[in-house]
Every structure is written in C-alpha cells, then in structure tokens.
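What follows is calculated from the coordinates using simple rules that are stated; it is not laboratory data. Computed from a predicted model, the values in this text were never measured in an experiment. Note: ideal-geometry Cβ built from the backbone for every residue, glycine included; neighbour counts use all protein chains shown.
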Amino acid sequence: MENISLNKHISGQFNAELGDIRNRVLAMGGLVERQLEQSLDALATLDAELASKIIEGDHKVNGMEVSIDEECTRIIAKRQPAASDLRLIIAISKTIADLERIGDATVRIAKAALEKRTNNQQPLLVSIESMGRHATHTLHQTLDALARMDADAAFELHKSDAKLDAEYEGIIRQLMTYMMEDPRSIPGVLDVLWAARAVERVGDRCKNICEYIIYYVKGKDVRHTSYEDMEKDLQE
C-alpha cells in the first residue's frame, strides 16, 4: 500500500514537472512572438528606440532557452522517462532551440531599422511588411498548435510555409530590380534583403516546431518526408 502511494506521489510530481516545462516553453514562445511583432513595427516606422530595446532584450530569450534546456536534462537524468514523456521532453528541447533562433531573427530585423541609410529606404522596408505579418500569424498559430499538441493543425501550418517562401522570392526579385536600376541603393537594399531573409527564416523555424509536434503526438519523425507520407503518418 505504501509503494502504491509512493508511486502515485512520484507520478504526480513528474506530471507537475512536465507541465511546468510546457508552460515555460509557451511563455518563451509568447516573448518571441512579441519581439517579432515589435521588430516589424520598428522596421515599418524606422523606430530606433524600439529597435534598440528589442536588441537589448534578446538576452531574456537566450536565458530562457538555457534554463529550460537545463530542466529537460535534469528530468531525463532523474526520471528516465520513456515513450510519450520522453518524446515530449525531446520535442520541447528542440522547440526552444528554434524559438531562440526566431529571437535571433527579430534582432536581425531590428538591426535593419537601425542601419537605414536614407529616408528613401522607407518604401523598401514597407515592402516586406505583408510578409512579416504573415510570419507573425504563422508563429502565433504554431504556438497555439504547440499548446494543444494538435498534429493536424501542425501539418496544415507546415504546408502553408510555401506561401511565405513565395512572398520572399517575390521580394528578392523586387530588390534585385531596384539595385540594378539604381546601384547607389545597394547598401540600403542589402539591409532590407537581410531583414527579408530573417522573416523567411521565421517560417522555417515554425515548420520545424510543427514537425516536433507531430513527432510527439504520433511518434513519427517526419523530417525530410513528403507531404503524402506525412499525411499517411497522421492517419495511422
């Protein structure tokens, strides 16, 4: 009877630990999402003060990644989880790495606002606003799928990244044309190019997180697989 009570206590404590790291990764995601929104605002308005604030605040995201990763390592060493519990910890450990890299992307976007050359650069910066809002929406939906561990939603979000890639390619063509027509614009255009690349990478990181969700829910590693095979895994 004592062993049963002890097992229940340990199981309850373990569940609390798993719940805690899930909450912490979602809090990290919320912080990264706010930073992305603010970096795009800074880019659209060339707000140097807001951009500087984003850059200075990046250490918070880095600190959260290290703290959560350390907790994941501690749980693995102490609890020796198996099956879905282990998949959850692995998925979280991978997710925080991608969230940290999204944080790095927001810093790159913020730096583009600081590195403006002339007021003539403003139209170029505005040109990626739609793409940026698309990326923000994708990140928000990805975090929502993560909170619910919704594999079907993750699959649909994974497929939607193609639209963001198409927007990025369109912006690249626009920027290349601009540079060819006015070589003096090259330094400024390069700033925008790096910012656009950072936004596009947000979509890639969201795709990765969607793969981790599917891995946790279905126990299937769907990296580097076709959408047809991914869909089959979801139906099993």
I'd like the orientation of helix 83-114 relative to the chain: the angle between its Cα long axis and the longest Cα principal axis, in ° from 0 to 90, rounded to 10. 20 degrees
Which value, in debye to the nearest 20, describes the size of the charge dipole of the range 2-235 about its Cα centre when Lys and Arg Cβ atoms bear +1, Asp and Glu Cβ atoms bear -1, and nothing else is charged? 300 debye
The list [x] 172; [y] 117; [z] 150 gives values of volume of the Cα convex hull per residue in Å³, and only one came from this structure; which label was calculated from it? [y]
Contour minus end-to-end for residue 165 and residue 229, with contour as 0.36 nm per residue of separation and end-to-end as the Cα-Cα distance? 20.9 nm
Could you put 211, 169 in order, starting from the residue whose Cβ has the fewest other Cβ atoms within 10 Å? 169, 211
Choose one of 157, 102, 222: the residue whose Cα lies farthest towards the positive end of the charge dipole of the range 90-236 (beta-carbon charges +1 Lys, Arg; -1 Asp, Glu; about the Cα centre). 102
Determine the distance separating the Cα centre of the range 180-236 from the Cα centre of the range 54-106; give it in Å without decimals. 19 Å
Return the lysines within reach of residue 53: Cα separation strictly under 21 angstrom, same-chain partners fewer than 8 residues apart disregarded; answer none if there are no such residues. 111, 116
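Where Lys and Arg each count +1 and Asp and Glu each count -1, what net charge lies around residue 54 among other residues with Cβ under 14 Å from its Cβ?
Numbers: positive: 34, 53, 60, 108, 111; negative: 33, 37, 41, 47, 49, 56, 58, 104, 115.
Net local charge, residue 54 excluded: -4.
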Output the relative contact order of the chain, whole-number percent, from Cα pairs under 8 angstrom with separation of 6+ residues. 26 percent
Links exceeding 29 Å between C-alpha atoms in this model, out of 94/232; 78/232; 78/218; 60/163, come to 78/232; 60/163
Taking the chain as the reference, fit the longest principal axis to its C-alpha atoms, fit the long axis of helix 2-45 to the helix C-alpha atoms, and give the angle between the two in degrees, 0 to 90, nearest 10. 0 degrees
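What ranking, highest mean first, results for peptides 87-98, 157-168 when packing means the other Cβ atoms within 10 Å averaged over each residue?
Averaged packing, sorted descending, gives the order 87-98, 157-168.
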For the chain, find the longest principal axis of its Cα atoms and tell me its angle to the long axis of helix 151-181, 0 to 90°, nearest 10. 20 degrees
